[in-house]
Structure formats: C-alpha cells, structure tokens
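Since the structure comes first, as structure tokens, the remarks are kept for the end.
The values are calculated or read from the model by the stated rules, or taken from the named source; none is laboratory data. Everything numeric in this text was worked out from a predicted model, so none of it was measured. Virtual Cβ from ideal backbone geometry, glycine too; neighbours counted across all protein chains shown. For the accessible areas, the whole protein counts, side chains as well, though only heavy atoms, and no ligand, DNA or RNA atoms are used. Shrake-Rupley method; radii C 1.70, N 1.55, O 1.52, S 1.80 Å.
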Amino acid sequence: MPHRVAVVVPTPAHSSIAGPLSYLSELPLVAGTLVRVPLGRREVLGVVWDASSTVEERDAAVQERPVTSCLDAVAPMSSPWRQLVTFSSNYYQRSLGEVALAGLPPQLRDLTLEQLARRLKRPAAAPRELPKQRGPQLTGEQLEALAQIEAAAGPFLLFGATGSGKTEVYLRAVERMLERDAQSQALVMVPEINLTPQLQERFIARFGAGSVVAMNSGMTPAQRLKSWLAAHSGAARIVLGTRMAVFASLPRLRLIVVDEEHDPSYKQQEGARYSARDLAVLRGKLEQAKVVLGSATPSLESWQASEKGRYRRLVMASRVGQTGACTGTGARGSTAGAFPAVRLVDMNLQPKQTVFSPQLLAAIQQRIERGEQSLIFLNRRGYAPVLACTACDWKSECPHCTAFRVFHKIDRTLRCHHCGYTERVPRACPVCGNVDIAPVGRGTEQLEEQLAALLADVKLPDGQPVRIARMDADSTRLKGALEQQLARMHAGDVDVLVGTQMVTKGHDFRRITLVAALNPDAALFSSDFRAPERLFSLLLQAAGRAGREQARAGASEMWVQTWHPHHPLFTALQRYDYAGFAAQQLKEREQAGMPPFGSQALLRAEARSQEAAQAFLRAAAAAATDLEGADRVTLYSAVPMTIQRVANVERAQLLVESSSRSALQRFLAGWQPVLQATREKGLIRWAVDVDPLAI
Ligand code: ADP
Ligand code: ZN
Ligand code: ZN
C-alpha cells in the first residue's frame with residue numbers, strides 16, 4: 001500500500017500558505033528525507049516535511065504523483081533545521097520551499113544519482129596537515145570571557161574593542177567545545193567574503209585543513225556541494241561562512257559565532273530578506289548551541305538586549321598587549337588610552353574647496369617619512385559623482401534611473417552605479433554643445449590623483465617616492481585583484497591606501513598609524529534613522545585599523561574632517577564612548593517608538609509607473625483595515641523610494657509599524673493572502689521586508 005508524503009518544493013515566492021505538496025511513495029519516508037519529485041513538467045529537489053502516513057483511500061479528485069527518487073545516501077535534514085526553515089518562512093513572509101531550497105546546494109538537484117553517489121564516495125582528499133599551532137597565552141579579559149561562555153547558557157554579546165583579541169576567544173571557545181565532544185560542530189559567521197580567507201587561515205592553522213570548510217556565495221556549485229556534504233555528514237568540525245551559512249546543515253552544532261555582528265551584510269536584501277544574526281540566535285535555541293555575537297560597536301538591537309539581560313554582555317576593553325596603557329573603564333563600556341587619538345579638523349576654518357587640510361597632509365607626510373602606512377577613506381567611488389555642463393543645466397543623469405551617472409576618468413566613462421548603464425563621456429554637452437563640461441564633487445579615483453600630486457615631493461626613509469594605491473569596488477572587480485591588493489598592503493608595498501569603506505573592515509594591517517575620514521558629514525543629517533549608528537560604528541572600526549602593532553600604537557591617530565566638529569557623535573568618538581553614544585541613540589529611538597522599541601516592516605512595490613506602484617500599496621492598505629491585529633499596527637502612506645526609478649522600474653514603499661512584534665507578525669500573516677489577491681495593472685512585483693535595515 002503506497003504512502004502519502006508531504007514534500008516541500010521550490011514554489012513561487014508568495015505561496016507560503018500553500019505549504020508542502022502531497023506525493024505518493026512506495027516506501028515510508030522519514031521527515032527530512034531529500035527527494036526528487038515532479039512539479040509541473042519539471043523534476044525538482046524537495047524535502048519530506050512530515051513523516052509519511054499510509055494512504056487509506058485515494059482522493060480521486062486530487063492528482064497525487066509519485067516521488068521520482070529518494071536521495072537516501074544523504075542523511076535526512078534534522079528536525080531543528082526544519083524548524084529553522086519553518087520559522088524563517090513565517091517570520092519573513094516567504095514560502096517554505098523558497099527558504100528550504102535556498103539553504104541547500106543546487107547540485108543536489110542537478111547531479112544524477114550516480115554522480116551524487118560518486119561524490120559521496122570520493123574520499124575527501126586528505127589535506128596536507130601542517131603541525132597545528134598553539135594559541136598565545138590568553139589575557140585576563142580573554143580568560144574571563146571564555147569562563148563565562150563555559151559557565152552560562154548565553155546568548156553572549158562579546159563587546160570587545162578592535163584588537164582586543166575577539167577572534168582568539170572564538171578559536172578557544174571552539175577548542176574547548178571540541179575537547180568536551182570531539183564530534184561536535186561550530187558555525188562561525190563573518191559579514192564579508194573578503195574577510196573569510198584571513199579568518200580561514202587562522203582556523204586552519206589551529207584546527208587543521210581537514211576540519212574547516214567554507215560556505216559563501218563566491219564558491220562554485222561543486223565547492224558548495226563539497227562543503228555542504230562535509231558539514232551535513234558531520235565530517236567537518238567548523239563551518240566558516242557568510243550569512244547564507246546560517247542555513248548550513250550541522251547535525252552536531254554546539255556553538256555559533258557571529259563576528260562583527262553589527263554589520264549590515266548579515267541582512268539578506270533580496271528574496272527572503274532574513275537577518276542571519278537574528279536567525280543565529282534563534283538557531284542556538286533550537287539546537288541548544290551556544291551563541292556568541294561579537295563586536296566593538298554592537299548593533300543597537302543587540303546592545304539593548306544586553307542592557308536588558310536577554311544577552312549576557314562580555315567586555316574586553318583593552319587591546320592585546322596594551323593593557324598597561326589602557327585607561328578604559330570596561331564596566332561602562334568605554335575604552336580609551338591605547339587607542340588612536342581622534343583628531344577633528346574643523347572645515348569651517350579651511351579655505352573653500354579644501355580637500356586635504358594642511359594639518360592632515362602634514363600628518364600623512366610624517367607617516368611616510370617614518371615608513372608607516374596611512375589609510376584614507378571616502379564613501380564614493382569613481383572620479384566624480386556628477387559631470388555637469390558649465391553653460392546650461394545638463395548633468396550626467398542616468399536615462400533609466402533617478403540618479404546621476406558617475407564619471408570614471410580611468411576609462412573616460414559615465415557609469416550608473418544602480419543599473420550599470422555605461423557610456424563614453426561625451427566630447428561636448430549633449431544639450432548645448434558647450435565643450436566645457438566639468439566634474440562636480442569627488443570620488444576615490446580623484447582623491448588618489450590629487451594625493452599623488454600633493455605628495456609628489458615627499459620621500460620614503462630610503463629616498464624612494466611614495467606608493468599610493470586605491471581599493472574600492474572598481475579596483476577589486478577582477479578575480480584575485482582584492483587578494484593581490486591586500487597582500488601588497490600587508491607586505492608594506494603601499495604607503496597610502498585610498499578607498500571606500502571597504503578598507504575599514506576587519507583587516508589586520510600591522511603598520512597603519514593614521515586613518516582619515518575625509519567627509520563623513522552626510523550621515524549626520526540623513527533621513528535614515530540608522531545613519532548615525534552606522535557612521536559611529538564605521539569611524540570606530542576604521543580607527544581600529546590603526547596602531548595594531550604595539551610599538552607604533554602610541555603615535556596612531558584617527559583624523560576626521562568635518563563641518564560639525566561639536567556634534568555629539570564626534571565627541572563620543574573622541575572618547576571611544578560607545579556606551580554613551582548607544583544610550584543617547586536608544587533614548588531617541590525609544591521616544592520615537594523606533595526599533596528596537598517598536599517593530600517595522602516595509603511593503604515594497606515595483607511597477608511600470610510610480611502611480612501603479614503606489615496604487616498597489618494603497619489598495620493593499622485599504623484591504624487591511626479589518627485584519628486581525630490591524631488596530632495595533634500603523635500603516636503609513638505609500639511613498640516613492642529614495643531612488644525612485646532603477647533600470648526603468650518605478651519603486652515605492654509603505655511602512656508598517658507596531659509597538660508589538662507579535663501583533664505585527666499576526667497582522668502580516670493575515671495580510672499575505674490579501675496581498676496575493678491584490679491586482680494592479682502595471683505592477684511588476686512586490687515584497688515584504690520584515691525588520692528592514694534601510695527605510
Ligand atoms: P579582534 O578580533 O578583537 O580585533 P584579534 O583576535 O584579531 O582581535 O587580535 C588582534 C591581534 O592580537 C591578532 O594579531 C592576534 O593574533 C593577537 N592576539 C590575540 N590574543 C592574543 C594574546 N592573548 N596574546 C598575544 N597576542 C594575541
Ligand atoms: Zn550644456
Ligand atoms: Zn541607471
């Protein structure tokens with residue numbers, strides 16, 4: 001007698017209500033089994049969601065089709081993994097199938113059963129095992145943090161200054177976990193692919209190449225399958241990955257680390273818009289694994305949770321090896337002393353059009369003459385953000401987006417950073433024919449050029465000329481380019497590195513003694529309520545790149561050129577007073593009912609016209625008034641998104657807010673079928689973004 005099984009298959013994004021589909025199987029199948037099933041005319045990968053029950057009577061009306069094949073060489077997906085998928089699907093308003101299948105390597109679907117069997121049999125090529133390194137003697141603060149991780153359940157917020165040795169704490173926590181249970185597994189997440197190689201090296205040096213696998217979107221499908229199988233079979237001890245790794249299958253997961261937990265990259269921005277950091281905490285609960293979130297500048301959400309005791313805060317206020325010089329008051333969470341001194345340059349006192357104030361230039365020059373490195377950042381790539389005609393109103397607008405195309409001097413192009421539309425720079429103004437068209441504003445390319453001119457006469461200690469390099473999305477586009485540039489920087493072949501915020505993240509450059517932010521003011525007055533939080537974190541993390549080598553720490557400086565030197569954000573930065581800054585921001589957020597004190601979701605719509613996009617949002621809002629929980633949520637007006645049109649698609653959004661997370665969740669669940677039933681001519685797509693990061 002055949003069995004009926006409920007199988008989760010890759011269904012369209014918005015069919016969460018549909019849930020698993022029913023199929024027939026000759027043999028009983030346990031929940032979590034991976035199968036291939038027919039869906040329409042395709043054959044797809046699916047996951048058995050509920051244990052099979054015997055088919056008593058066949059319902060003639062429902063055409064149930066048999067399971068095509070069963071990947072029984074691969075162990076079933078665990079119950080906590082399925083719970084994680086179910087939660088994510090409900091919470092983020094996406095279909096079960098979309099979330100489940102996004103967490104599985106595509107080759108599980110694409111390979112034939114024979115190919116898959118061969119992959120499974122293939123012994124993992126025994127990696128060259130080098131002698132495993134032993135870690136350094138731990139500092140008092142590291143020992144204390146580890147002791148607490150051992151003793152309590154967590155989740156933990158490891159609030160550790162840049163260079164305080166957080167990574168060493170992660171390594172030891174994994175080591176102790178393995179000492180207790182040699183078969184256990186750890187998941188270590190980092191925000192950026194760029195940061196994985198460096199961390200991977202440290203983990204491999206400690207635990208051996210055979211224990212560590214990587215998981216990120218930069219891998220080939222074959223590599224992904226290999227890592228996935230190693231983790232799923234329990235052969236790998238440590239999975240190191242970016243946000244997608246939160247869905248990795250780890251049957252003996254005991255520890256989850258989220259490094260730089262404040263980083264916005266943990267939020268997926270398309271498809272199922274999940275927060276890998278938040279899911280990590282949930283997963284810890286489901287799997288009874290300890291969770292450690294680490295940062296020198298925690299997200300205000302996590303900081304607030306540690307204020308309320310929901311997370312246990314572990315403080316490491318001083319830099320490794322610099323404890324003596326540190327005057328930080330760890331308990332309050334502010335640190336100062338061995339950290340680079342913050343120098344604010346008041347741009348009101350500089351001549352107009354000043355790019356580098358004379359003070360900053362002199363400080364950079366001093367570093368060069370001492371053979372030290374400087375890091376200059378500006379959040380704008382390209383040569384100039386706009387090209388404009390000096391005679392008429394023409395500007396380098398993108399014909400497809402509400403944005404300017406950026407002037408790139410290197411290849412003399414105008415490039416749209418939103419849709420990619422690229423053209424050669426015109427010889428003359430396309431409107432009036434004037435040949436005098438000029439760049440307005442400044443990007444990293446121009447900065448590099450100007451700096452080279454300004455430093456032309458400065459020499460290194462050995463009399464050689466200055467070496468200036470640039471690192472941004474343009475300079476690192478080619479495969480391997482980033483690694484090469486980082487290597488040059490580490491080897492000391494670069495004296496001044498100019499770049500976007502990319503250069504400020506995580507890298508452990510040893511010889512940097514000066515970091516400068518040229519023009520960070522825009523974020524002070526942004527309409528995005530998270531902008532100050534992001535700026536503070538960016539500047540403090542950037543400062544953390546300087547003075548990492550003890551011998552040079554004393555002479556290290558963080559420079560900020562600003563028109564608002566008395567802004568409280570900069571005052572807090574000068575004192576390295578994260579806690580003070582967080583308290584002030586949280587107070588404002590509480591008064592305004594903003595996260596983490598209230599919950600938000602965005603309904604976004606894309607359409608052929610702005611009217612259609614907004615009409616859809618208005619219709620959806622109008623149909624929501626009678627829904628359960630509607631009295632506890634506030635629906636705002638439909639508005640165009642900040643960049644209203646991208647690639648000829650008009651975009652609009654509607655904010656939904658509630659003081660209660662669960663009320664918002666109930667409301668969204670009830671709204672989902674309404675949204676699916678709402679039709680609007682010209683509408684291209686819509687999506688719900690729960691806990692959005694940018695509003
Ligand atoms: P963080 O992640 O907090 O920025 P890291 O863990 O990268 O800090 O540590 C900064 C530097 O200090 C690294 O080069 C690391 O090898 C070194 N380090 C960490 N802990 C110790 C220790 N207990 N003794 C000596 N050096 C250490
Ligand atoms: Zn003109
Ligand atoms: Zn464009």
- prompt: Counting pairs of Cα atoms in the chain, how many percent are more than 43 Å apart?
  reply: 31 percent
query: Taking 0.36 nm per intervening residue step and subtracting the Cα-Cα distance, what contour gain separates Glu628 from Ala487 on full extension?
result: 45.1 nm
message: I'd like the distance between the alpha-carbon centres of segment 198-264 and segment 430-478, rounded to an integer number of Å.
response: 39 Å
task: Could you please report the charge total around Thr562, scoring K, R as +1 and D, E as -1 over all other residues with beta-carbon less than 9 angstrom from its beta-carbon?
output: -2
- prompt: Taking K and R as +1 and D and E as -1, what net charge do the other residues with C-beta under 10 Å from the C-beta of Ala516 add up to?
  reply: 0
- prompt: Which order, highest average first, do 476-486, 665-675 follow once you tally other Cβ atoms within 10 Å for each residue and take the mean per peptide?
  reply: 665-675, 476-486
task: On the protein heavy atoms, probe 1.4 angstrom, tell me the percent of accessible surface of the chain carried by carbon and sulfur.
output: 52 percent
- prompt: Using a cut-off of 25 Å between alpha-carbon atoms, which lysines can reach Lys166, once sequence neighbours fewer than 8 places away in the same chain are excluded?
  reply: Lys132, Lys267, Lys285, Lys290, Lys308, Lys505
task: Using label points projected 7 Å from each Cα along Cα→Cβ, tell me how many nm separate Arg65 and Ser660, to one decimal.
output: 4.4 nm
field: Folded to 0 to 90 degrees: helix 661-677 orientation relative to the chain principal axis, Cα
entry: 70 degrees
- prompt: So what is the 222 nm mean residue ellipticity for the chain from helices alone, if each DSSP H run of at least 4 adds -39500 (n - 2.57) and you divide by all residues, rounding to the nearest 500 deg cm²/dmol?
  reply: -9000 deg cm²/dmol
query: Non-local amide H neighbours of Trp559 (under 5 Å, H modeled in plane, Pro and chain starts lacking H): which ones?
result: Arg343, Val515, Ala516, Ala517
Karplus 3J(HN,Hα) series, Hz, for segment 107-117 with 6.51 cos²θ - 1.76 cosθ + 1.60 (x for Gly, Pro): 5, 4, 8, 8, 6, 6, 4, 5, 4, 5, 4
query: For segment 406-414, in order, what is each residue's ³J(HN,Hα) by Karplus, 6.51 cos²θ - 1.76 cosθ + 1.60 with θ = phi - 60°, in whole Hz (x at glycine and Pro)?
result: 8, 7, 10, 6, 3, 10, 6, 10, 10
- request: Please calculate how many Å² of accessible area the chain carries per residue, with a 1.4 Å probe and no DNA, RNA or ligand atoms counted.
  value: 44 Å²
task: Take every DSSP beta bridge with both residues inside the chain and express the antiparallel ones as a percent of the total, to the nearest 5.
output: 50 percent
message: For a protection proxy built on the mean count of beta-carbon atoms within 10 angstrom, sort 583-591, 538-546 highest first, please.
response: 538-546, 583-591
statement: Phi-derived 3J(HN,Hα) across segment 383-391 with the Karplus relation (6.51, -1.76, 1.60, θ = phi - 60°), rounded Hz, x for Gly and Pro, is 8, 8, x, 9, 10, 9, 7, 7, 9
- prompt: Given R₀ = 45 Å, FRET efficiency for Gln574-Ala209 by Cβ-Cβ distance, to 0.05?
  reply: 0.55
Dimensions in Å of segment 384-441 - Rg and Dmax from alpha carbons: 10.4, 28
message: What do you get for the angle between helix 444-454 and the principal long axis of the chain? Use alpha-carbon atoms, 0 to 90 degrees, nearest ten.
response: 20 degrees
- prompt: In degrees from 0 to 90, rounded to the nearest 10, what is the angle of the helix 140-151 Cα long axis to the longest principal axis of the chain?
  reply: 10 degrees
task: Round to a whole angstrom and tell me the spacing of the C-alpha centers of segment 584-650 and segment 370-414.
output: 32 Å
- prompt: Using Cα-only point scatterers and the Debye equation, what is log10 of I(q)/I(0) for segment 411-508 at each q in 0.11, 0.21 Å⁻¹, rounded to two decimals?
  reply: -0.47, -1.19
